[in-house]
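The values are calculated or read from the model by the stated rules, or taken from the named source; none is laboratory data. These figures come from a predicted structure and were not determined experimentally. We place every Cβ from the backbone using ideal geometry, glycine too, and count neighbours over all the protein chains shown. Protein only, heavy atoms only, side chains kept; ligands, DNA and RNA dropped before computing areas. Shrake-Rupley method; radii C 1.70, N 1.55, O 1.52, S 1.80 Å.
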Amino acid sequence: MTHHIKSAQTIENIYDSADLITQEVLKRYEGTPDPRLRELMLSLIKHLHGFARDVKLTGNEWTFLMGFLEETGKWCFPGRNEFVIFSDALGLSMLTVTQDYKRPLHATEPTLVGPFLLEEAPRFEMGSDISGGAAGSPMYARGRILDTEGKPVARALIDVWHSDERGLYDVQEDLQKTGPWARALLTTGADGGYAFWSVLPVDYPIPQDGTAIRMMRATTGRTWRPAHLHFRIRAEGFLTLITHIFDRSSGNLDGDAVFGVRPSLIADFIPQSLGKAPDGKVMDRDFYTLDYDFVMVRG
Ligand code: BEZ
Ligand code: FE
């Protein structure tokens, strides 16, 4: 005997029309013991279900997305995290960084960390050349680490990392072979000052081989970052400051692929003719100088 569906309502849309699935899921997650986890999960489920309803997400599309995320996971290893790049490209990194970091207006603005920070960076004496043989124009960077009253922050740990003149980071090559380059850990003395030699960073596209760039090519078309130096500055009694200094002469300040540019972080990398550098070193080729002070927040 054949089975007839009597009403116009088909079996497939019962759940959706009555909103039952979302209610059922929310009800179960309401029992989550940890209050913050409960809040996060309930909101996430509401928004995820809302998204799927809004766009009438198909099974094929969801399967495609899961495969895309699986492939993204394959681009995660020390020195590379493709999920970080996704978070950056969707503006989520800047959103969380900005709402997390409470600061008075004259304290240095934070920005995203990016995918290329290494926890173990080589230590250098203040004033050293940290380029490690990286190709590029010489650059001398200096400034001070200050608190919000303008007093020097002693024993601050400064991680700095940046690209070479090809727009590549050490971690994008074989670190085992080359060792780290254009990457350092420096410690401030009593004057809170920092100084180092390296090479001038350049504009670069986000990694060309992963999944994030595929999404960006298919959507915003913005895949470039303006030239910058990365800094992470840690000091006892202060909030950790993760930020960049951007080169004012970059043509990509308006369209940073990952929304990281803040106007207060743009500085002049000033071209200098060969001769005596600010630290007394005699240069036999032209070079650049950068002066920038960082203001840290107690916390
Ligand atoms: C970076 O600045 O190192 C970076 C940030 C986001 C994506 C790729 C690279
Ligand atoms: Fe970078």
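Some observations on this one:
- Placing a pseudo-label 7 Å from each Cα along the Cα-to-Cβ vector at Arg103 and Leu57 gives an inter-label distance of 3.5 nm.
- Highest-first arrangement of 63-69, 129-135, 238-244, where packing means the average Cβ count within 10 Å: 238-244, 129-135, 63-69
- Within a Gaussian network of the chain (alpha carbon springs, distance under 10 Å), most fluctuating of Gly150, Gly192, Gly255: Gly150
- Rounded, prolate or oblate (a/c below 1.5 giving rounded, otherwise prolate when a/b exceeds b/c) for the range 82-295 by Cα gyration tensor: oblate
- Where labels lie 7 Å past Cα in the beta-carbon direction, separation of Asp174 and Val25 in nm: 4.6
- Whole-percent carbon and sulfur share, accessible surface of the range 13-57, 1.4 Å: 60
- Cβ crowding within 10 Å averaged over residues, with 183-191, 98-106 ranked highest first: 183-191, 98-106
- Nearest 10 degrees, 0 to 90: helix 35-54 Cα axis against the chain principal axis: 70
- Simple spin-label estimate for Ala277 and Asp293 gives 2.3 nm between the two label positions (7 Å along the Cα-to-Cβ direction from each Cα).
- Residues of the chain: accessible area per residue with a 1.4 Å probe, Å²: 57
- 25 Å Cα cut-off, lysine pairs counted over the chain (separation 8 or more, or different chains): 5
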